[in-house]
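Okay, structure first, notes after.
Here, each number is a calculation from the coordinates, and none is a lab measurement. Everything numeric here is computed off the predicted structure, so don't read it as measured data. Glycine also receives a Cβ, built like all others from the backbone with ideal geometry; neighbour counts cover every protein chain displayed.
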Amino acid sequence: MPKSMLPLKSLVCTFALLFSTLPAALNAQETPKPQQAGQKIITSHAIAMHGEIKYPADFKHFEYASPKAIKGGTLRDFALGTFDSLNPFVTKGTPASDLGLIYETLLTSSHDEPFTMYGQVAEKIEYPEDRSWIIFHINPKARFHDGKPITPEDVIFTFNTLMEKGAPFYAYYYADVAKVEALDKSRVKFTFKNAENRELALIVGQLPVLPQHFWKDKNFEQAALEIPLGSGAYKIASFDPGRSITYERVKDYWGKDLPVNVGHYNYDRIHIDYYRDDTVAVEALKAGQYDFRVERIARVWHSSYDIPAVKRGELVKRELRDYSPRGIQAFILNLRRSPFDNIKFREALNYAFDFEWSNRNLFHDSYTRNNSFFFNSDLASSGLPEGRELEILKPFKDQLPPSVFTTPYTNPKTDGTGNNRDNLRKAQQLLKEGGFTLKDGKLIDPKTKKPVVIEYLAQDPSSERIVNPYIQNLKRLGIEGTLRMVDSSQYVNRVQSYDFDITTLVLGQSQSPGNEQRDFWSSDAADKQGSRNYSGIKNPVVDQLVEMVINAPDRAELVARTRALDRVLLHHHYVVPQYAFVYHRLIYWDKFGYPEIAPKYDPTFATGLMTWWIDPEKERRLAKQSAAKTKAE
């Protein structure tokens, strides 16, 4: 989809696997000013988490964006489910797709660097070497869509509102911000509680700036369908609740000539239709009802696109290598409920999942079993802990499962024939070790003294073919499993309120994990409705490792600390890992032009879709071919 929502770094900002050890401000304009002893104040157009800034202050555009891109046309996109809100910042309601298009942030990331933020609403920044604070200089051209200028007061209003009334994520993400203040009519300063939290200077730049004058007399905490006021390249032109939404490019968009925006936002209109499920959506694509799709279902990729339009090259199938961290897709287990709070039960559930059979029979052997919460990156743990990672883990040895130090984490394997007897036998052994017994063929929970009954919560009918074989294996262990299919709104509400036993979710990660990890794993987040600690993890070691990751002083230490966190999460069996695919499967109608260089770390599926454009000649050719086909029929 065009632009991910706000400002979830693990979804919005994906970063390169390579990283430089050169000073973070190598390309910045350094202006020494008195501060603490030995401190410099850096004034720059950009800031990098680690390593050098790729693009100098006078750069014209990102390499993966073309200044020759053609403006015009309509991108027809799609979404699944429904929506009942135009407010993406709160947990109430289901927001419409791609609302991030209407907002601008203080800084924006490049998609061909590990983690570097460049000026957007802020034309430049100032910060000390220890990054204990940062000052944003608001671009005097920055305007909301009603023509009113963006001010430091708008930034302060946004921060306070999101912290007090927004989704719980914001409170965790920005927890170490001590103070936000306006210095004058163009400068706003963020001061931090913790000078070791070097990421804060970058992620406060991800703050979307909301107009105080628009929201001051409205209830921000409610899901609402009033069209909000933004400052981005697009505004909402129209919508039909739950059915469609259309964005139109702002003709006098204040930021169109910023180097970070050159070659972006080329469509005059972006129209998004909603479909109830993927089956209907795939048929709609083949019928020419929308333009572009990332195919996530292997069966569909291999069997549903053997059609004349593909053979003629009108509908393009294309695979792109994915270089970004994949996070983890998994069966999420809700530890707030028994027996999921029993580690032996959780481990046994992994032995009941026959990935190899599913991969062979359902996925054309195209997937890899996910074995890390930071899969497809140098942050993933492997083997036994050693070196710096071992030093980090040793102080917690008495609080961790012995396997953390003695046994490399591996997922159970089968021969793919469907004969899972050995793994089920191992699962039975683990259940016995966990205090479970069998009575009349039913597994008895040692805590509740009742038969174990678990419900799998789903919203996508395609999940049935994966879940039903898993349920059959669970029954062989004496576990009664059921599949509960609900609509998208009910699914979102139940997941956000943790009203489930098991469900499937993707926990995305970036190449530079930091403050958002609190929202994923911290004990405090486990009790906050709407957080992403879906499993309800409450583990003091995990809490400490999360803070260590956030406060990592350099890249090498970040890698070691993240691997330690990854290893501890894996050995507690908080989830049952599913599978991953290190390519993006794209299928789109041949009406697009795009730059020669693709931004391989772009969160929009490595395509740079917002740097593509509608090619008028290709569009006319497609229309002519469609008309000829209709006439022939």
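The value of relative contact order for the chain, using C-alpha pairs under 8 Å at least six residues apart, is 21 percent.
Of the chymotrypsin sites (Phe, Trp or Tyr not before Pro) in the range 385-423, not one is in a loop by DSSP (not H, G, I, E or B) with at most 16 other beta carbons within 10 Å. Remark: the Cα gyration tensor places the range 342-481 in the oblate category, a/c being 1.5 or greater and a/b not exceeding b/c. A simple spin-label model places the labels of Ala182 and Thr448 5.5 nm from each other, with each point 7 Å out along Cα-to-Cβ.
With helices as the sole contributors, the chain gives -7500 deg cm²/dmol at 222 nm; each DSSP H run of n ≥ 4 counts as -39500 (n - 2.57), and the sum is divided by every residue.
Taking a ≥ b ≥ c as the square roots of the eigenvalues of the alpha carbon gyration tensor, the range 126-204 is oblate, as a/c is not under 1.5 and a/b does not beat b/c.
Cα gyration tensor of the chain, axes a ≥ b ≥ c as square roots of the eigenvalues: rounded (a/c below 1.5), prolate (a/b > b/c) or oblate? Here the chain falls in the oblate category. Comparing Cα centroids, the range 537-554 and the range 123-188 end up 26 angstrom apart. Centre-to-centre, using Cα atoms only, the range 345-396 and the range 41-100 are separated by 32 Å.
Given R0 = 25 Å, the distance between the Cβ atoms of Asp146 and Asp240 translates into a calculated FRET efficiency of 0.55. Among the trypsin sites (Lys or Arg not before Pro) found in the range 204-293, those both in a DSSP coil and sparsely packed, with 10 or fewer other Cβ atoms within 10 Å of their Cβ, are Lys216, Lys251.
Across the range 113-239, the relative contact order, built from alpha-carbon pairs under 8 Å that are at least six residues apart, equals 28 percent. Counting only Cβ charges, +1 for Lys and Arg and -1 for Asp and Glu, the dipole size of the range 417-532 around its Cα centre is about 620 debye.
Eigen-decomposition of the gyration tensor built on the alpha-carbon atoms of the range 134-262 gives equivalent ellipsoid semi-axes of 26, 19, 14 angstrom, largest listed first. Normalising the Debye intensity of the range 250-408 to I(0), with uniform scatterers on Cα atoms only, and taking log10 at q = 0.14, 0.15, 0.16, 0.20 Å⁻¹ returns -1.04, -1.10, -1.16, -1.43. The gain in end-to-end length when the Lys60 to Ser338 segment is fully stretched comes to 94.3 nm, 0.36 nm per residue minus the alpha carbon separation. Taking a virtual spin label 7 Å from the Cα of Asn493 along the C-beta vector, which residues in the range 66-94 bring their backbone nitrogen under 20 Å of it? Label zone hits: 80-94. Charged side chains reduced to their Cβ positions (Lys and Arg at +1, Asp and Glu at -1) give the chain a dipole of some 1020 debye around its Cα centre. Using the Cβ-Cβ distance between Thr407 and Thr368 with R0 set to 22 Å, the FRET efficiency works out to roughly 0.55.
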